[in-house]
Amino acid sequence: MTSSVSPARTDAAPMIEACAVQKWYPNGFHALRGVDLTVQRGEVVVIMGPSGSGKSTFLRTFNALEDFQQGSICVDGIVLSDDLRQIDAIRQEVGMVFQQFNLFPHLTVLENLTLAPVLVRKRPKAEVEQQARALLRRVGIAEQSDKYPGQLSGGQQQRVAIARSLCMEPRIMLFDEPTSALDPEMVREVLEVMRGLAADGMTMVVVTHEVHFAREVATRVVLMADGEKVEEAPPEQFFTNPTQERSKRFLDQILISNP
Amino acid sequence: MTPLLRRLRQDLFATPADGLVTVLLLALIGAGGFAVLHWALGQAQWAVIRANSTLFAVGRYPLDQQWRLWLLTALLAAATGLSWGMLRSHPRPDRGGSLWPRNDWMAVGMVALLSLALPSLLGLALPLQLRWWAIAALLLLLRWLAGRFGPLLPAPLKRCLPLGLPLLYLLGMVLIGGGLALEPVSPSQWGGLMLTLLESSFAILLCFPLGVLLALGRRSDLPLLRWGSVVYIEFFRGAPLITLLFLGQNMLGFLLPGGVAPERVWRAAWVLTLFAAAYLAEAVRSGLAAVPRGQLEAARSLGLSTPQAFTTVVLPQALRVALPSMVGQFISLLQDTTLLSLIGLMELLGTARTVMANPAFLGRNAEVYFTLAVLFWCCCAALGLGSRALERRLNPSTLA
């Protein structure tokens with residue numbers, strides 16, 4: 001992966017440092033109640049939790065898709081503030097993969113990949129296209145590059161979405177329930193790509209319900225409930241010997257459906 | 001039974017009730033068609049159109065300056081042929097496009113037929129007929145040339161070609177109005193179909209960007225911009241156009257900087273533009289609402305700035321959705337130009353009224369109105385056909 005060899009600013013500093021993040025929705029709902037999280041370079045952090053626990057909201061604060069009212073977030077040495085230039089700078093370093101893919105339906109697969117690098121990074125189009133084709137080969141859909149997203153299966157679309165993010169050469173990738181909208185037989189092909197990414201040393205924060213993925217790939221698992229961080233532990237300890245009562249209840253529930 | 005007969009029977013006479021409906025409708029269509037034909041060929045006296053064809057086309061434009069309009073017509077025909085051929089020679093990579101689809105042959109046939117038949121039906125002098133033939137020939141020649149040799153042009157030149165259209169529009173304004181060493185022709189002497197097309201094309205071209213900005217403003221987070229857009233849209237949608245036209249004649253002189261709208265023609269054009277922009281904004285807004293929120297989020301999370309995200313991701317999708325209703329607005333805008341006759345402009349309807357007021361053509365109202373209807377129908381049909389072609393070309397989802 002090209003991004004993993006690009007020189008890091010300060011290798012020892014954490015990639016993401018979130019301190020006591022609090023968020024209220026405009027309707028008064030207290031969505032995040034002082035959440036802390038530190039993600040080191042090369043780590044894969046999996047965030048789990050029941051729906052409505054604030055895990056997606058928390059993830060989306062990292063690239064300022066959601067704002068927050070108290071606390072602080074620092075991504076790759078840049079402090080998130082209301083300064084729009086800072087936000088744009090962070091978004092260029094942070095890739096995001098959505099539950100609903102959010103590919104651009106009016107552009108071909110290749111154009112989906114090349115749009116941002118050409119427009120934002122001002123890189124020459126031919127060079128970006130070459131890189132895009134290499135990325136599409138890597139996620140296993142090289143032959144679909146001239147099709148439109150609507151002509152692809154869900155699993156293929158999600159792999160294009162991952163390649164689209166990678167084309168910006170981000171230093172960190174956020175995944176917001178990347179397999180939740182997929183048919184079961186397509187989940188595997190997407191997780192396979194994510195495994196490969198983790199093996200290459202990409203820093204990743206993944207919101208997911210995939211227990212197997214969390215067990216095999218995660219360096220740490222975080223459980224959130226009701227806008228708070230309930231537990232944070234290495235996967236083995238988290239799945240076999242959780243310390244909190246709330247974690248045990250959650251694990252009982254998801255392990256029934258996800259043995 | 002032959003296949004054709006079998007199909008006819010299946011489609012039209014499948015059950016006794018179907019058969020009855022078919023027979024009744026055929027009788028109605030036949031009777032109506034016969035009545036119209038009987039009137040058009042037997043009773044109608046088309047001399048009123050023949051004698052006034054120039055008046056209907058360009059109004060009281062000075063005779064010795066009309067060569068400018070011929071030149072403009074020729075330029076428009078050339079531009080039409082050129083862009084038609086270029087479009088056909090660059091089919092979208094994802095679908096098999098032919099250089100000469102069947103529809104194009106029908107269009108060529110219609111252009112040839114109209115240019116041959118119409119001038120002689122109107123009883124134009126032979127030199128004028130020849131000019132029309134030459135203009136049609138120019139259009140078809142450039143269609144062929146652009147289709148044949150267009151792909152050979154160097155890429156930078158091809159990219160610059162669309163810039164020719166706004167230039168052509170400005171050149172057209174100069175040719176019609178004068179200036180740049182041409183003798184000025186006062187707008188009060190413009191008229192007929194030319195004025196109708198001028199007013200509607202001016203309004204269509206300008207109301208489009210204005211409408212898009214208003215639609216974006218209405219969805220903006222900035223309260224002043226949002227409320228400003230809402231007030232504007234609701235004001236212009238809340239008043240009848242004719243009221244606004246009268247108001248504009250009296251007020252626009254104060255509101256706009258001096259020199260922008262000194263003439264009634266231009267004041268009316270601005271009112272039409274501002275009026276149409278409000279309706280267009282609502283069409284665009286419905287298009288914007290159809291684009292999922294995730295599209296903007298995805299674009300922003302890739303690092304695109306908000307203006308970049310709107311111009312490359314959100315607006316292309318929104319405008320595609322809004323296209324049919326936008327063209328609907330353009331068509332009604334074209335028809336609304338008839339209201340300009342009420343403020344004394346000599347556009348098509350205004351011209352028609354002066355012709356009918358001429359004692360020499362007393363009682364020839366039916367012929368005049370019929371011609372007017374056909375002219376408007378042709379313009380609107382052209383807009384509709386163009387929009388449908390554009391929709392097909394823009395819409396990759398028809399493939400999925």
**Study point:** Restricting the stretch B:285-331 to residues that are free of Cβ contacts under 8 Å to residues at least 40 places away in the same chain and among the hydroxyl-bearing types (S, T, Y), the residue that is nearest to the other protein chains (Cβ to nearest Cβ)
**Key:** B:S301
Check your understanding: Within the stretch B:342-361, can one find any residue that is small (G, A, S) and open to solvent by 40 Å² or more (accessible area, probe 1.4 Å)?
Key -> yes
Check your understanding: Can you spot a residue in the stretch A:152-163 that is open to solvent by 70 Å² or more (accessible area, probe 1.4 Å) and not in a strand (DSSP E or B)?
Key -> no
**Study point:** Residues that are without any contact (Cβ under 8 Å) to a residue 24 or more places away in the chain and within 13 Å of chain B (Cβ to nearest Cβ), drawn from the stretch A:143-155
**Key:** A:Q151
Exercise for review: Please specify each residue of the stretch B:209-223 satisfying the condition of being farther than 12 Å from B:A277 by Cα, part of a helix (DSSP H, G or I) and in contact (Cβ under 8 Å) with a residue 12 or more places away in the chain.
Suggested key: B:L216, B:G217, B:R218
Check your understanding: Are any of the residues in the stretch A:171-179 over 21 Å from A:A142 (Cα atoms), in a loop (DSSP other than H, G, I, E, B), under 16 Å from the mean Cα position of the chain (by Cα) and within 14 Å of another protein chain (Cβ to nearest Cβ)?
Key -> yes
Point to revise | Residues of the stretch A:42-53 satisfying the condition of being at positive phi and open to solvent by 10 Å² or more (accessible area, probe 1.4 Å) | key: A:G42, A:G52
Check your understanding: Regarding B:G150, is this residue more than 24 Å from B:A382 (Cα to Cα) and not in a helix (DSSP H, G or I)?
Key -> no
Check your understanding: Which ones in the stretch B:334-352 are touching a residue at least 60 places away in the same chain (Cβ under 8 Å) and in contact with a Ser or Thr (Cβ under 6 Å, 6 or more places away or on another chain)?
Key -> B:L334, B:T337, B:E347, B:L348, B:G350
Exercise for review: Residues being in a helix (DSSP H, G or I), free of Cβ contacts under 8 Å to residues at least 60 places away in the same chain and surrounded by fewer than 17 Cβ atoms within 10 Å (Cβ to Cβ): count how many of those fall in the stretch B:166-208.
Suggested key: 8
**Study point:** Qualifying residues in the stretch B:6-45 (those that are touching a residue at least 40 places away in the same chain (Cβ under 8 Å) and assigned to a helix (DSSP H, G or I)) - the one farthest from B:V368 (Cα to Cα)
**Key:** B:W39
Review point. Which condition number does B:L63 fail, the rest of (1) out of contact with any helix residue (DSSP H, G or I) (no Cβ under 9 Å at 6 or more places or on another chain); (2) open to solvent by 80 Å² or more (accessible area, probe 1.4 Å); (3) not β-branched (V, I, T) being met?
Key: (1)
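The values are calculated or read from the model by the stated rules, or taken from the named source; none is laboratory data. Note that the coordinates shown come from a computational prediction; the quantities given were computed from them, not determined experimentally. Using ideal geometry, Cβ is built from the backbone for each residue, glycine included, and neighbour counts are taken over all protein chains shown. Side chains are part of the model used for accessible areas, which takes the heavy atoms of the whole protein and leaves out ligands, DNA and RNA. Shrake-Rupley method; radii C 1.70, N 1.55, O 1.52, S 1.80 Å.
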